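The values are calculated or read from the model by the stated rules, or taken from the named source; none is laboratory data. A quick note: this is a predicted structure, and the numbers were derived from the prediction, not measured. Glycine gets a Cβ as well: all are built from the backbone with ideal geometry, and neighbour counts include every protein chain shown. Accessible surface areas use protein heavy atoms only, side chains included; no ligands, DNA or RNA. Shrake-Rupley method; radii C 1.70, N 1.55, O 1.52, S 1.80 Å.
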Amino acid sequence: MASQEIRKVTEAYPMKGGDGPDSYAKNSTYQREAMESVKELVTKGIAEKLDIDLLLPSNSFHIADLGCSVGPNTFSSVENILEAVELKFQGQGLMNPQIPEFQVFFNDHTPNDFNLLFKSLPPNRQYYAVGVPGSFYGRLFPSASIHLFHSSFALQWLSEVPKVVEDKNCPAWNKGRIHYLSSTDEVVRAYKAQYAKNMESFLHARAQELVYGGLMVLIIPGYPQGTPLSHSVAYLTLQLIEACLIDMVKKGVISEEKLDSFNIPMYSMCPQELEAVVEQNGSFSIETLETLPRVLADDAVLNAKQFAAHGRAAFEGLIKQQFGKEITNELFDLYGKKLEEELSMFKPRKTTSFLVVLKRKEK
Ligand code: SAH
């Protein structure tokens with residue numbers, strides 16, 4: 001095993017665990033809606049691109065969901081993939097198609113609530129389930145052992161905030177801001193470089209783990225090239241959280257220093273950036289790269305409460321790490337209030353995600 005490749009990525013930002021009112025399990029309907037909307041596209045991708053001959057004679061089919069969180073979304077994605085692969089096997093025109101046995105690997109960072117994940121596994125599932133802790137920016141599986149990778153709404157998380165952004169002595173120091181979207185060119189460049197580096201590690205690891213001809217089905221939030229970043233929902237969300245933190249610095253609840261050293265390791269890619277890293281890596285062909293139907297309809301955004309809860313489920317872990325548990329209620333109450341006031345700003349904004357299907361090239 002290439003132990004040097006199992007890189008330790010110490011920073012982990014799990015979604016809020018458990019199944020309480022603030023949990024990711026209860027606050028991930030936007031992601032789920034997006035996945036429902038791509039179900040057909042994924043089925044079509046698998047039907048057209050999965051080369052079964054290349055995968056035989058293995059009689060067990062290995063699927064891994066990277067950045068699975070706690071469900072229920074991961075279970076529906078896995079279900080969709082399984083159905084699509086079965087259909088593909090049945091459609092081979094063989095008299096007695098040998099439907100393989102399925103093994104599904106659920107991957108996320110170690111602090112993810114794997115207990116809840118395991119407890120909520122669908123009782124009638126048609127697969128053997130395995131949990132795989134660790135960062136997907138390093139090696140997670142033996143060589144050529146996975147037939148299909150899936151990952152949704154996880155690859156926007158960088159492995160870390162670029163060092164220069166947190167360094168007082170660097171021109172890219174991001175003082176008083178918590179992300180790159182509204183920041184200086186230096187900060188934007190540092191985030192871009194971090195994204196490219198992370199994607200290169202991701203592709204390098206997967207290239208070894210995926211069998212030749214195997215597929216990667218990725219759903220990645222991002223933005224179409226040419227649209228201003230400030231038009232995105234991510235931008236507004238982060239701006240609002242930033243505004244709340246600034247208010248709390250003014251009130252003396254948190255220190256300015258803590259705010260200055262806090263940045264969110266999230267990146268919104270554009271398809272051209274992804275194409276560039278895939279090309280540079282050289283192990284995959286891009287089979288599909290399409291913009292998904294927009295799911296964050298105006299109606300959904302208009303529900304401030306629900307939207308605030310989504311923000312909390314996604315960001316609370318990070319906030320707690322930096323500022324301590326005591327401030328989270330106050331911060332997210334404030335966030336909820338600001339969100340209500342600013343709701344009309346969200347109305348014309350859109351979220352965009354991409355469906356990407358990559359295929360492992362043969363040698
Ligand atoms: N796929 C689910 C969950 C998305 S939330 C869905 O579509 O609803 C994003 C998840 O990615 C979180 O659980 C987070 O912990 C995980 N994640 C982020 N970076 C990761 C990394 N480097 N390695 C493994 N998991 C990661």
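Only lysine pairs 8 or more places apart, or on different chains, with alpha-carbon atoms under 22 angstrom apart are counted in the stretch 81-232, and they number 5.
Taken about its Cα centre, the stretch 116-189 carries a charge dipole of roughly 220 debye when the Cβ of each Lys and Arg holds +1 and the Cβ of each Asp and Glu holds -1.
Dipole magnitude for the stretch 312-363: about 680 debye, using +1 per Lys or Arg Cβ and -1 per Asp or Glu Cβ, origin at the Cα centre.
Here each label is just a point 7 Å from Cα along the line to Cβ, and for residue 200 and residue 48 those points are 3.2 nm apart. Placing +1 on the Cβ of each Lys and Arg and -1 on the Cβ of each Asp and Glu in the stretch 47-181, which of 98, 136, 146 has its Cα farthest towards the positive end of the resulting dipole? Result: 136, furthest along the dipole toward the positive end. Using the Cβ-Cβ distance between residue 253 and residue 186 with R0 set to 25 Å, the FRET efficiency from 1/(1 + (r/R0)^6) comes to roughly 0.30.
Expressed as a whole percent, the accessible area of the stretch 146-239 that falls on carbon and sulfur atoms is 56 (1.4 Å probe).
Starting from the Cα of residue 79, step 7 Å along the direction of its Cβ; do the same at residue 276; then give the gap between the two resulting points in nm. The answer from the label model is 4.0 nm. Counted over the stretch 215-363, the DSSP beta bridges are approximately 90% antiparallel.
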